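Colleague: Below is a structure I'd like to ask you about.
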Amino acid sequence: MEKKGDMNVVGKMGKFQVSFWEVGVFTTVVFAFLSGLLCVYLTMPASDYSFLKLPRNLQDLQILRDHLEEYTSDYTAQVLVGYCVVYIFMQTFMIPGTVFMSLLAGALFGVFKGVALVVFTATAGASSCYFLSKMIGKPLAFTLWPDKVKFFQDQVSKRREGLLNYMLFLRLTPTLPNTFINVASPIVDVPYHTFFLATVVGLIPAAYVTVRAGLALGELRSVGDLYDFNSIATLFLIGIVSVTPTLVGKSKS
């Protein structure tokens, strides 16, 4: 028997129950992000902003970069706030395309500022997704990734003593998608402080690779050019180094 106040959501993902309280939380978070974007828009000068849209390919990104360069010097605060709100919104609600936002950070702000901006917004977005999932994400996670959640849960329970190293390894390597890690971590009882530290540190290498590529945006032919064999091998090497202390500790014990 279904609980009163619940409603069924049926679609390609399957079937799971969502309470009206959970829908209310989701709606409130969306409204907060949209309000932030509206405030940024109202403080910008009157102009044609038809170019403002989430980039889905490198051509869209180049158009967006060309227009935003005109505003970045005179309206730096607005561009920064707008960038942060959009990036965090995309991370929170698992909207694909954050790689283009990372490239844009490099194109607009350079390597040092761009990496700092991407790490900040990616960590904030991942944290927002973590807490949202903690409240309402369990049915979604078990519907989208039942096998992956079980695997992740088993791995986390086995690696409690070296959990930070394991989470660093996951962030540094493409072993599990970042979106899945953000949603599933609170469900499998990864403490937030461990999640936070692994996210901040683990995202830096990939952020550097992507932001640096944004400096030469016009030379990129596809997103695949970002991660060649050398880049992926380097990230895996750093990831292996991050879990080495845990492996050494287990072998000694």
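The values are calculated or read from the model by the stated rules, or taken from the named source; none is laboratory data. Predicted model only: the values in this text are computed from it and were never measured. A quick note on method: Cβ atoms are made from the backbone with ideal geometry, for glycine too, and the neighbour counts reach across all protein chains shown.
Colleague: Can you tell me which residues in the stretch 87-125 are touching a Leu at 6+ places or on another chain (Cβ under 9 Å), part of a helix (DSSP H, G or I) and among the β-branched types (Val, Ile, Thr)?
Modeller: THR92, VAL99, VAL111, VAL118, VAL119, THR123
Colleague: What is the one condition in (1) touching a residue at least 24 places away in the same chain (Cβ under 8 Å); (2) more than 21 Å from HIS193 (Cα to Cα); (3) surrounded by fewer than 24 Cβ atoms within 10 Å (Cβ to Cβ) that LEU103 does not satisfy?
Modeller: All conditions are met except number (3).
Colleague: Mind listing whichever residues of the stretch 14-30 are over 22 Å from the mean Cα position of the chain (by Cα) and modelled with pLDDT of 85 or more?
Modeller: None; the set is empty.
Colleague: Check every one of the helices (runs of 4 or more DSSP H) wholly within the stretch 126-179 and list those with 1 or more residues that are farther than 30 Å from VAL23 by Cβ.
Modeller: So the answer is 146-158, 163-172.
Colleague: I've got another one for you. Take TYR49 and tell me if it is surrounded by fewer than 19 Cβ atoms within 10 Å (Cβ to Cβ) and either in contact (Cβ under 8 Å) with a residue 24 or more places away in the chain or of a type in the set (A, V, I, L, M, F, W, C) (or both).
Modeller: The answer is no for TYR49.
Colleague: Here is a further query. Quick check on my filter: what residues within the stretch 183-203 are surrounded by fewer than 22 Cβ atoms within 10 Å (Cβ to Cβ), in a helix (DSSP H, G or I) and touching a residue at least 12 places away in the same chain (Cβ under 8 Å)?
Modeller: Across the stretch 183-203, the qualifying residues are TYR192, THR194, PHE196, LEU197, VAL200, VAL201.
Colleague: Can you find a residue in the stretch 141-149 that is among the charged types (D, E, K, R), modelled with pLDDT of 90 or more and in contact with a Leu (Cβ under 8 Å, 6 or more places away or on another chain)?
Modeller: Scanning the stretch 141-149, I find at least one residue that is among the charged types (D, E, K, R), modelled with pLDDT of 90 or more and in contact with a Leu (Cβ under 8 Å, 6 or more places away or on another chain), so the answer is yes.
Colleague: Of all residues in the stretch 164-199, how many are among the aliphatic types (A, V, I, L, M) and more than 22 Å from GLY137 (Cα to Cα)? If you could, list the steps in order and put the result at the bottom.
Modeller: Step one: of the stretch 164-199, the residues among the aliphatic types (A, V, I, L, M) are 164, 167-168, 170, 172, 176, 181, 183-184, 187-188, 190, 197-198.
With more than 22 Å from GLY137 (Cα to Cα) added as a condition, the list becomes 164, 168, 172.
Looking only at that region, the number is 3.
Colleague: Then there's this: Which residues, counting only those in the stretch 75-112, are under 11 Å from the mean Cα position of the chain (by Cα) and polar (S, T, N, Q)?
Modeller: Result: GLN91, THR92, THR98, SER102.
Colleague: Restricting to the stretch 137-173, give me the number of residues that are surrounded by fewer than 18 Cβ atoms within 10 Å (Cβ to Cβ) and either touching a His at 6+ places or on another chain (Cβ under 7 Å) or under 24 Å from CYS84 (Cα atoms) (or both).
Modeller: Residues that pass the stated criteria total 0.
Colleague: Still on this structure, please answer the following. If I go through the stretch 31-68 residue by residue, how many of them are assigned to a helix (DSSP H, G or I) and under 24 Å from the mean Cα position of the chain (by Cα)?
Modeller: So in the stretch 31-68, the residues assigned to a helix (DSSP H, G or I) come out as 31-43, 58-68.
Applying the additional criterion that residues be under 24 Å from the mean Cα position of the chain (by Cα) yields 31-41, 58-65, 68.
Total satisfying the criteria: 20.
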